[in-house]
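Have a look at the structure below before the remarks.
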Amino acid sequence: MDAALSVFEVERQGGTLVLTPLRDLRELDFQGMQAERDEVLLWLEEGPIRNVVVDLGRTDYFNSTFLGVLVRLWQRAQSHAGHMALCNLSAHEQDMLGVTGLIELWPVFASREEALHAVVGGGLDLVVHGRRPVGARPELWEGSGEGNAMTELENEG
């Protein structure tokens, strides 16, 4: 199941859905994005998909409507004992997630391959309130200095 909608490209890689916005998400109409979100959620319900990776490599900005899409995708993954990860974020997108506090819910990776490996390989089990898996982008996580929980987890591995 690979599909291109007007806003998103959707790919299935095993039990993981990869969602790629095809353009900046700053000025999209609310109803159009909601309709595509609903279609993506239907695809998630149709198959044995547990995990979601959102690849933001083709965008540099998203709006609050897209944050709502991310929340719904994450809730769906959680309800099926799955994980969600983001990759290829711009500096602005990283800032948006930091300001909203959502950066603590969703790990961010530099590449799609790293994100896929983390959600499929269970590397996200360490992500609990500001802990990040080894290999995630450390500049996105506050308090990544000596003596914090993440440093201790990385040193154990």
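The values are calculated or read from the model by the stated rules, or taken from the named source; none is laboratory data. Remember, predicted model here, so these are calculated numbers, not experimental data. Note that we place each Cβ from the backbone using ideal geometry, even for glycine, and neighbour counts take in every protein chain shown.
Just to be sure, is ARG37 part of a helix (DSSP H, G or I), modelled with pLDDT under 90 and of a type in the set (Lys, Arg)? Here the answer is yes, as ARG37 does meet what is asked. Checked against (1) in a helix (DSSP H, G or I); (2) within 21 Å of GLN34 (Cα to Cα); (3) over 14 Å from the mean Cα position of the chain (by Cα); (4) at pLDDT 85 or above, VAL99 passes all but a single condition, namely (2).
Restricting attention to the range 79-96, which residues are in a helix (DSSP H, G or I) and in contact (Cβ under 8 Å) with a residue 24 or more places away in the chain?
Quick first cut of the range 79-96, residues in a helix (DSSP H, G or I) only: 79, 91-96.
Of everything in the range 79-96, those that are in a helix (DSSP H, G or I) and in contact (Cβ under 8 Å) with a residue 24 or more places away in the chain turn out to be HIS92, GLU93, GLN94, MET96.
Looking only at the range 45-54, which residues are under 22 Å from LEU89 (Cβ atoms) and of a type in the set (A, V, I, L, M, F, W, C)? Selection gives VAL52, VAL53, VAL54.
Being under 21 Å from LEU44 (Cα atoms), in contact with a Leu (Cβ under 9 Å, 6 or more places away or on another chain) and either among the acidic types (Asp, Glu) or assigned to a helix (DSSP H, G or I) (or both) is a property that holds for LEU73.
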